[in-house]
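J.: Okay, handing you the structure first.
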Amino acid sequence: MQPPAGALGPPHGKTERMSGMELHQNFIDGRFEAAGGGERIEVLNPARDTVISAIPDSSPDAVDQAVAAAKKAQRDWARLPAINRAGYLRQISAKVRENAEEIARVISEEQGKVLDLARVEAAFTAAYLDYMAEWARRIEGEIIQSDRPGENIFLFRQPVGVVAGILPWNFPFFLIARKLGPALITGNTIVVKPSEETPNNAALFARLVTETELPKGVFNLVYGRGGTVGRALTRHIDVRMVSFTGSVETGSKIMADAATNITKLNLELGGKAPAIVIRDADLDQAAKLIKASRTLNTGQVCNAPERIYVERKVADEFVHKLTAEMKATRYGDPLGDQPIDMGPIINKAGVSKIKALVDSALAAGAEAVTGGKVADLGQGNHYEPTVLVNCRQDMEIIQKETFGPVLPVVQVDSLDEALALANDTTYGLTSSIYTNDIKTALRACNELNFGETYVNRENFEAMQGFHAGHGRSGIGGADGKHGVLEHTQTHIAYIQT
Ligand code: NAD
């Protein structure tokens, strides 16, 4: 039995009723606020095509109020010892743990990821907030030698002020923590704008915040479209840093808007990750892990392998194994009664984009050994798990981000050729290589022009690493020490005694 559409709601933050549907309210200065007039945006369950809630496309006034609240709260927040700020982060992580099952169901319903992965997302979010809290005693300045007698030069690490966190839909709950955790521990306050596709989990996050003692104004939430709320935040004089995760196209627009006030940027953008399979690789392991990375969240992960370069000598054997893995992938409704490995694509536009790229590859000579078309389950947005062979470097499917369960395979004659083709891209987020030769692995790590390389493992980063793209995949990065320091600015004091 499937739960009826919307049966999970309204579990979220404060909502008002609008013709039978829950309309979320912004969370500003510690209060839920109705956004007033303006367009209402419906939120759909992508597995069932049903409307599950709605958000306002908030007015510029709401953005002004949220930024003003964050600015007002920031001075006292920054004056708190970092260890006290850490205490509030731990209060939030405790609430996330207590409510993990509800969070997972809300994520699954609006975003479409399988429930087990949504549970991992909730647990990882709590762990991430705790990890960021641990930085409280580790943020350090410097004392620099002076050229003058009796002078001290101190370098302080200070907060940048108000941060705007603009989010995508693919790991929507975790990304709140990835923006909020490092921003708050370093003394900034934040205004979050969730994706229009996945606001329900953010509303739930706001409700959990109200159950903690976090001072008002430190975390604010404003709903709306990118072109209105996102732009208003980016162009706001009092927003001193925009931390954005999303597409290259939007990142580029945000850069242009941030130029207005010379606003600091942290951009986590799209990718076109190559996976290289060398003849000495464990082919079973390579097929399993590449499939696992590509079908996780239905291929809607920025760092998942998007194109495979396999040495010709082992290509047939590898493709055979990969095809068996992809064929065995079950898909459907994550909250339905059948066990599945993969949920729906986020929306109809996502399916159309995948279809256009696969169709164009097929027309240019590629062959689908499994999948290759839209899946009709009677409802929802589904695309068949797909393996494409006879692909060439000049095909769109090799050049453009697909963001779906599709693996195009290109045969190569050598490691040199694989590295050259892998680097032949304007993206530079992640890459992977499967080999049992340490020299080959190290050469790949040295020569792949990407922010991350995974050797003999699935593409999934650790919170203590540094997730950052080269090229058009971004500026700055998240996680670990370097991610924390991104949220600070330096201040030098020259003290003559
Ligand atoms: P998107 O760029 O369409 O939207 C992301 C957010 O930006 C949304 O909240 C949207 O409302 C907002 N937005 C849109 N136009 C805006 C504007 N002009 N000004 C300010 N904000 C604006 O991306 P998406 O479809 O939500 O997410 C998928 C993309 O995100 C993929 O390209 C994926 O690779 C990328 N992504 C990257 C990472 C990473 O860590 N590098 C992680 C997850 C997703």
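J.: Hey, got a sec? Which GluC sites (Glu not before Pro) in segment 190-259 land in a DSSP loop and have at most 10 other Cβ atoms within 10 Å?
T.: On the way: sites: E196, E197, E211, E213, E249; in loops: E196, E197, E211, E213.
The qualifying sites are E213.
J.: Find out how many positive minus negative residues lie around V229, taking Lys and Arg as positive, Asp and Glu as negative, among other residues whose Cβ is under 10 Å from that of V229.
T.: Here the charged neighbours net out to +1.
J.: Next up: Where Lys and Arg each count +1 and Asp and Glu each count -1, what net charge lies around A349 among other residues with Cβ under 11 Å from its Cβ?
T.: Its environment carries a net charge of +2.
J.: Answer with one residue from N423, A118, N220: the one whose Cα lies farthest towards the positive end of the charge dipole of the chain, charges on Cβ with Lys, Arg +1 and Asp, Glu -1.
T.: Ranked along the dipole, the leading option is N220.
J.: If the only charges are +1 at each Lys and Arg Cβ and -1 at each Asp and Glu Cβ, what is the size of the charge dipole of segment 345-433 around the Cα centre, to the nearest 20 debye?
T.: 440
J.: Distance check, please: which entries in K321/K373; K95/K481; K193/K253; K193/K264; K72/K216 exceed 19 angstrom between their Cα atoms?
T.: Too far apart for the 19 Å limit: K321/K373; K95/K481.
J.: Grab every C-alpha pair in segment 164-222, bin the distances at 5 angstrom width from 0 up to the longest one, and report whole percents.
T.: 4, 19, 33, 27, 13, 3
J.: For the pair E396/E151, report the inter-label distance in nm, with labels modelled 7 Å from Cα in the Cβ direction.
T.: In this crude spin-label approximation the distance works out to 6.0 nm.
J.: Now for a different question. At 0.36 nm per residue, and after removing the present C-alpha to C-alpha distance, how many nm does the segment from D282 to D116 gain when stretched out fully?
T.: 57.0 nm
J.: Moving on to the next point. Can you give me the relative contact order of the chain as a percent, contacts being Cα pairs under 8 Å and 6 or more apart?
T.: The normalised contact order for the chain reaches 17 percent.
J.: Estimate the FRET efficiency between I143 and D413 by the formula 1/(1 + (r/R0)^6), using the beta-carbon distance for r and 60 Å for R0, to the nearest 0.05. Before the final figure, lay out each step's value.
T.: Working: r = 56 Å, r/R0 = 0.93.
Plugging the Cβ-Cβ distance into 1/(1 + (r/R0)^6) gives 0.60.
J.: Treat every Asp and Glu Cβ in segment 240-300 as -1 and every Lys and Arg Cβ as +1, leave all other atoms uncharged, and give the resulting dipole magnitude about the Cα centre to the nearest 20 debye.
T.: 100
J.: Return the loop-located trypsin sites (Lys or Arg not before Pro) in segment 312-398 (DSSP other than H, G, I, E, B) with at most 14 other Cβ atoms within 10 Å of their own Cβ; answer none if there are none.
T.: R330, K373
J.: Further, regarding this structure: Hey, could you pull the Cα Rg and Dmax for segment 274-321, both in Å?
T.: Gyration radius and largest Cα-Cα distance of segment 274-321: 10.7, 32 Å.
J.: What FRET efficiency do you get for R75 and E101 if R0 is 41 Å and r is their Cβ-Cβ distance, rounded to the nearest 0.05?
T.: E between R75 and E101, to the nearest 0.05, is 0.60.
J.: With the convex hull built on the Cα atoms of segment 96-168, state its orientation-averaged projected area in nm². Write out the running numbers ahead of the final one.
T.: On the way: hull surface 31.4 nm².
For the Cα atoms of segment 96-168, the hull's average projected area reads 7.8 nm².
J.: With a sphere of radius 9 Å drawn around the Cβ of N381, what net charge do the other residues whose Cβ falls strictly inside it have (Lys, Arg +1; Asp, Glu -1)?
T.: Numbers: positive: K348; negative: D49.
Charge balance in the 9 Å sphere: 0.
J.: Inverting the mean 1/r over all pairs of different Cα atoms, compute the Kirkwood radius of segment 210-338 and quote it in Å.
T.: About 18.6 Å for segment 210-338.
J.: Additional query: For Q464 and K439, FRET efficiency with R0 = 25 Å and r from the beta-carbon atoms, rounded to 0.05?
T.: Efficiency, from the Cβ-Cβ distance: 0.35.
J.: Enter the mean projected area of the convex hull around the alpha-carbon atoms of segment 264-353, in nm², rounded to one decimal.
T.: Averaging across all directions leaves 8.3 nm² for the Cα convex hull.
J.: Another one. Which value in Å is the Kirkwood Rh of segment 412-496 over different Cα pairs?
T.: Over segment 412-496, the inverse of the mean reciprocal pair distance is 14.7 Å.
J.: Something else about it: Over the residues of segment 183-256, compute the C-alpha Rg and express it relative to 2.2 N^0.38 Å. Don't jump to the answer; show the numbers that get you there.
T.: Working: Rg = 13.1 Å, N = 74, 2.2 N^0.38 = 11.3 Å.
That works out to 1.16 for segment 183-256.
J.: So, in nm, how far is label E42 from label D424 when the simple model puts each one 7 Å beyond its Cα toward the Cβ?
T.: Each label point is offset 7 Å from its Cα along the Cβ direction, giving 4.5 nm.
J.: For segment 180-318, what's the relative contact order in percent, using C-alpha pairs closer than 8 Å and at least 6 residues apart?
T.: 18
J.: Treat every Asp and Glu Cβ in the chain as -1 and every Lys and Arg Cβ as +1, leave all other atoms uncharged, and give the resulting dipole magnitude about the Cα centre to the nearest 20 debye. Please list the in-between numbers first.
T.: On the way: 53 positive and 61 negative charges, 212 e Å.
Here the size comes out at about 1020 debye.
J.: Then there is this: Set Lys and Arg Cβ to +1 and Asp and Glu Cβ to -1, take the dipole of segment 35-193 about its Cα centre, and tell me which of A183, N45, I139 lies farthest positive.
T.: Result: I139, furthest along the dipole toward the positive end.
J.: Using every alpha carbon pair in the chain, what percent of pairs falls into each 20 Å bin from 0 up to the bin containing the largest distance?
T.: Final binned percentages: 24, 53, 22, 2.
J.: Using DSSP to define loop residues, name the trypsin sites (Lys or Arg not before Pro) in segment 117-163 whose beta-carbon has at most 16 other beta-carbon atoms within 10 Å.
T.: Here the sparse-neighbourhood loop sites are R138.
J.: Answer with one residue from A256, S432, S352: the one whose Cα lies farthest towards the positive end of the charge dipole of the chain, charges on Cβ with Lys, Arg +1 and Asp, Glu -1.
T.: A256
J.: Please pull out the direction-averaged projected area of segment 358-441, using the convex hull of its alpha-carbon atoms, in nm² to one decimal place.
T.: Over every viewing direction, the Cα hull of segment 358-441 projects on average to 6.9 nm².
Here, each number is a calculation from the coordinates, and none is a lab measurement. These numbers come from a predicted model, not from an experiment. Positions of Cβ are backbone-derived with ideal geometry, glycine not excepted, and every protein chain shown enters the neighbour counts.
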